[in-house]
Each structure stands twice: as structure tokens, then as C-alpha cells.
Amino acid sequence: MGNVLDELREVRRSRYAVAAVFAVHGAVTGSFATRVPWIQDHAGVSAGQLGIALAFPALGASVAMPLAGSVSHRFGARNALRGLIALWTMSLVLPSLAPNLLALCLALFTYGATAGMADVAMNALGVEVENRLGRSIMSGLHGMWSVGALVGSAAGTLAAHLGSDARLHHVLAAAVLTLSGVLSCQWVLDLQPAEDEEPPPRFALPPRSALVIGAIGFCAVFAEGASLDWSAVYLREQLETSAGLAAACTTGFTLTMAVARIAGDRVVDRFGAVRTVRTGGVLAVLGGLLIVVAEQPAVAMTGFALTGLGIAVVVPLCFAAAGRSGSNPSLAIAGVATITYTSGLIAPSAIGMLAQATSLMVSFCLVTLLSGGLMAFAGVLRAGDRARISRPDAVVSGPRT
């Protein structure tokens, strides 16, 4: 009995430690995003050149994410996450130091590569903790990422308002976040490979299961990227609202996603991943229809809120299902992460190109159509549901704390 209680305490500590790492990861993203205008001016790049540079984080992440499994195998999960999260937080400084387009592209490639590897490592640990607890926690972990992003962006907004140099801001932020991330890793599970376990390949195509699971993640992230980047523009151009109300729509969408993710684990535990995602698909489609037909700002804002509510838990559940889909969780998670990163990269530009050729309303018809994919493909998450419920060595966690 004592051993079981000790293991339970260890797993619970690890859960909160991984949640803190997720928040740190999100805070780096929020800190960077708010200072992009300063970085653009400092590097002396045009809007078009900035668009090219901003493709490099996704490129770096896609190239580096498959390496995360090898790093974890060599150094152990705890040490690997400690090193990767430190590299990610410290890479925050690089873009603000870039004096020209080439340097900015290289900095953002490194920024994305470290982000992607840390992302895979922390999601793999999150899935392991979820398996040992025998209940859903991935949605809450991603909710903590959103909270971290909001805190980082709030601090960045304040720094920009005060006119501070982004180099100083990012050095200070990187120092605080590196310390926070490294200390948090002290309490994550120290998973070590078995003595006879073969090291994973450094580069390998993701398993087929990851591609199927990634398809549903693609639909959700496309809707998320389109809503984040275009919701304010939609209200300004389609409904002729004020800039303040348009910005409030984007903020409301972000808050809806964060709250839904934090609360999502209870829903998943009660109804299962498949039913939760199918219901979310219904809400997202309804939200998309309200956006398309809206003639009043309140209707469109309700539509964006429903979209955020509907897609919020999809990506966490995709990572959880990928981590249970085969013998190499890191490789499967890396495959799903690559697909979702790609979706987030192409969504804003695809919406813009379609809007230029037709209209923003038509663009969000595409978003609504893809949201329907959540209902159509939710069944691919069923294996993950069974794995969590039937796992024989799960720690009995007792009442939710």
C-alpha cells in the first residue's frame, strides 16, 4: 500500500510539474508574438520579407521534432526535457538580435527547432502521466500552455507599451522562464529506456496511425489559426466594427479556448474522446455558420466563441491518442505535431488568398467545412479511449484534486 501511495504522489507531482513546463512553453510564444513589430523594424524587413521569415519556425520544428525521441532515449525523459526546455526559452533572445533578413530566418529556424523538440518531449511525458493516472489530463496541460501564452503576451504588451527594447525584454523573460522551466523539470517522471530497448531512428517517417490522427488535428488547427489571425479582420471588414471591438473578438476567442481546455478533462473523462470531439465538431460547425451569416458583431463574436469551444480539446486528444498508437510514442507524437504545425502555418495564408480571390465570408465557409471533419473523423481517437480505460498498471488516483 505504501508503494502505491508513494507512486501516486510521484505521478501527481509530475502532473503539476509538466503543467508548469507547458505554461513556460506557452509564455515564450506569447513573449515573442507581441514583439514581432519591433523585431521587424530592427531587422529592417518589409511585410513580405517578414512573412517569409515567419515560415521558418514551422520549418525548423518540422525538421527537428523527429529528433526528440532520440534525445529522450539517450539522456532519459527528465534530463531531455530539462535541456530542451532550456534551449527553447533561451532561443527567445535570438530573433530580437537579428540585424537583417538572413539572420532573422536563421534565428527563427532555431527558435522553431527548439520549440518543436521541447513540444514533443513534454507531450510524451504528459501522455505517460495520463496513462499512469488512468484519466484525461492532456486538455488541462494544453490549457496551461494557453494560460502561459496569455501571461507572456500580457507582459510583452506592457513592455511594448512602455517602449522597451525587445532585446532587453527578451533577455529578462528568457532568464525567468529558463529558471522556471529547469526547476519544474526536477519533479517530472524520470523515465529511462529499458536496457534491451533499441534507440529510435534519428529520422523516420511517422507511423500511419499518426497520419490518420493528424488529419483530425489538421482540421482543428486550421480553424484555430484562421480564427486567431482573421477574426479581428473579419469584424472590421465584413461588419465594419471598431478596432477595439474587433480586437476584443480575438481576445474572447483565445480566452474561450483556454477555459475550455482547462475544463475539458472532466468532459473527456465522462463522455470519452470520440463523443467529446464529435460534440465539439457540432459546436464548431454551428459557430462557423453563425460567422458566415452574421450581420451583427454580436452574432459573429458568438460564432467565434463557439468555434473556439468546439476545437479546444481536439489537439490535446490527438497527442494523447498518438502517444498510445504504437511502440514509439515520441515518433507518433512528432508526426502529429508536424501535421498540426503545418496546418497552423498554411491556414492564415490560405484564408488570405481565398479571401482575395473571393471574400472573407467564403474563406470561413472553408473553415466551417473543415470543422465538420471533426465529426467525420472523431472515431480515430477511439483506440486512445480504450487504452486509457483498460490500462492494467494505471495508478488508482482517487478523487480529483
Given (1) hydrophobic (A, V, I, L, M, F, W, C); (2) modelled with pLDDT under 95; (3) out of contact with any Pro (no Cβ under 8 Å at 6 or more places or on another chain); (4) surrounded by fewer than 18 Cβ atoms within 10 Å (Cβ to Cβ), number of the condition Leu245 does not satisfy: (3)
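Of the residues Leu54, Leu8, Leu67, which single one is farther than 29 Å from Ala155 by Cβ, surrounded by fewer than 21 Cβ atoms within 10 Å (Cβ to Cβ) and under 20 Å from the mean Cα position of the chain (by Cα)?
Leu67
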Condition met for Gly163 (farther than 20 Å from Gly26 by Cα, modelled with pLDDT of 85 or more and of a type in the set (Gly, Ala, Ser)): yes
Taking the criterion of being closer than 25 Å to Leu133 by Cα and of a type in the set (Ser, Thr, Tyr), would at least one residue in region 302-312 satisfy it? no
Which of the residues spanning region 154-174 are closer than 18 Å to Met90 by Cα and surrounded by fewer than 14 Cβ atoms within 10 Å (Cβ to Cβ)? Asp165, Leu168
Could you tell me whether Ser136 is in a helix (DSSP H, G or I), within 26 Å of Val315 (Cα to Cα) and at pLDDT below 95? no
Which one of Ser209, Ser146, Ser180 is touching a helix residue (DSSP H, G or I) at 6+ places or on another chain (Cβ under 7 Å), in a helix (DSSP H, G or I), under 23 Å from Ala61 (Cα atoms) and at pLDDT below 85? Ser209
Take the residues in region 161-180 that are under 22 Å from the mean Cα position of the chain (by Cα) and free of Cβ contacts under 8 Å to residues at least 60 places away in the same chain, then tell me which one is nearest to Pro37 (Cα to Cα). Val176
Got a sec? Which helices (runs of 4 or more DSSP H) wholly within region 290-391 have at least 1 residues that are more than 30 Å from Phe109 (Cβ to Cβ) and at pLDDT 90 or above? 297-311, 360-377
Given (1) of a type outside the set (D, E, K, R); (2) in a helix (DSSP H, G or I); (3) more than 17 Å from the chain's Cα centre (by Cα); (4) buried (at least 18 other Cβ atoms within 10 Å of the Cβ), index of the condition Met257 fails: (3)
Test for Val93: is it of a type in the set (Val, Ile, Thr) and within 15 Å of the chain's Cα centre (by Cα): no
From the list Ala80, Ala86, which residue is under 20 Å from Thr338 (Cβ atoms) and either under 19 Å from the mean Cα position of the chain (by Cα) or buried (at least 21 other Cβ atoms within 10 Å of the Cβ) (or both)? Ala80
Of the residues in region 11-51, those that are of a type in the set (A, V, I, L, M, F, W, C) and surrounded by fewer than 18 Cβ atoms within 10 Å (Cβ to Cβ) number 4
Of the numbered conditions (1) farther than 17 Å from Ser231 by Cα; (2) surrounded by fewer than 17 Cβ atoms within 10 Å (Cβ to Cβ), Val362 fails exactly one; give the number of that condition. (1)
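The values are calculated or read from the model by the stated rules, or taken from the named source; none is laboratory data. Being a predicted model, the structure only gives us computed values, none of them experimental. We place every Cβ from the backbone using ideal geometry, glycine too, and count neighbours over all the protein chains shown.
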